[in-house]
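Everything below concerns the one structure shown next.
The values are calculated or read from the model by the stated rules, or taken from the named source; none is laboratory data. Since this is a predicted model, take the numbers as computed values, not measurements. Cβ placement follows ideal geometry from the backbone for every residue including glycine, while neighbour counts extend to all protein chains displayed. Side chains are part of the model used for accessible areas, which takes the heavy atoms of the whole protein and leaves out ligands, DNA and RNA. Shrake-Rupley method; radii C 1.70, N 1.55, O 1.52, S 1.80 Å.
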Amino acid sequence: MKMGIGTYLIYLALLMIIPLWAQSKVKSTYKKYAKVATSSYMTGAQVARKILDDNGLYNVTIEETRGMLSDHYDPRKKVVRLSSDNYHGHSMAASAIAAHEVGHAIQDAQAYAFLRFRSSLFPLANLGDKLGFILIIAGIFLTPMLSIIGVVFMGFAVLFQLVTLPVEFDASNRAMGQLVSSGVIRNNEERDTKKVLNAAALTYVAAALVAVAELIRFILMFVISED
């Protein structure tokens, strides 16, 4: 069964709208809580350092990095990198994001299974992103085997996105626990802090949904070309 033009346009619109909506939600939530200081008035860098030290991760360093919401944890160099606003900021948003990235450092130190699995998938997922589409299209015109290989490669990229979800949700759960136990936030600040973490999680959910939808579309393209 072929996809009609109207259905196809709706599909493409959804692929664009879902990520844009998620990004808009993250930015609006971040902007709101970047203006709200925590009761502890600690900077993101101080929060990250305290949680790292509380968990015995003295070997993990903290660096300031450029770009808005460019925060991440580098497991190869054992570095938590925080964007300037979060590195220096005293806000609820800065504390939440700093704690989330430290959550990944704790996962790394504890050999969290999903994090290890995701790292092992990265080379294949990278190939899937670069070659999957090309191989599927080439297979339609040349030999079906190329399309099958392309679908497999793209499947690794999709699996990477799906495995990312438990990794990110777990890091956020760890972040909440650490923020409360370390005294960075009080009980009445938990709900708003969760809003920041939940908004950030939407970007990963959106990416996973788009990846799955794209894989299904390419599988259908291959099946239809064989009819």
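Here are some notes:
- Top-ranked residue of the range 106-121 - restricted to ones that are in a helix (DSSP H, G or I) and exposed (fewer than 14 other Cβ atoms within 10 Å of the Cβ), ranked as modelled with the highest pLDDT: ALA113
- The set of residues in the range 63-82 that are open to solvent by less than 60 Å² (accessible area, probe 1.4 Å) and either small (Gly, Ala, Ser) or free of Cβ contacts under 8 Å to residues at least 24 places away in the same chain (or both) comprises THR65, GLY67, SER70, ASP74, VAL79, ARG81.
- Listed by first and then second residue, the pairs with beta-carbon distance under 7 Å, at least 6 apart or on different chains, first residue in the range 146-164 and more than 13 Å from GLU214 (Cα to Cα) and among the β-branched types (Val, Ile, Thr), second modelled with pLDDT under 90 and open to solvent by 20 Å² or more (accessible area, probe 1.4 Å), are ILE149/LEU135.
- Per the conditions (1) closer than 13 Å to ALA171 by Cα; (2) touching a helix residue (DSSP H, G or I) at 6+ places or on another chain (Cβ under 6 Å), the sole criterion not satisfied by ASP108 is (2).
- Residue among LEU179, LEU124 that is touching a helix residue (DSSP H, G or I) at 6+ places or on another chain (Cβ under 6 Å), open to solvent by 40 Å² or more (accessible area, probe 1.4 Å), at pLDDT 85 or above and closer than 29 Å to ALA109 by Cβ: LEU124
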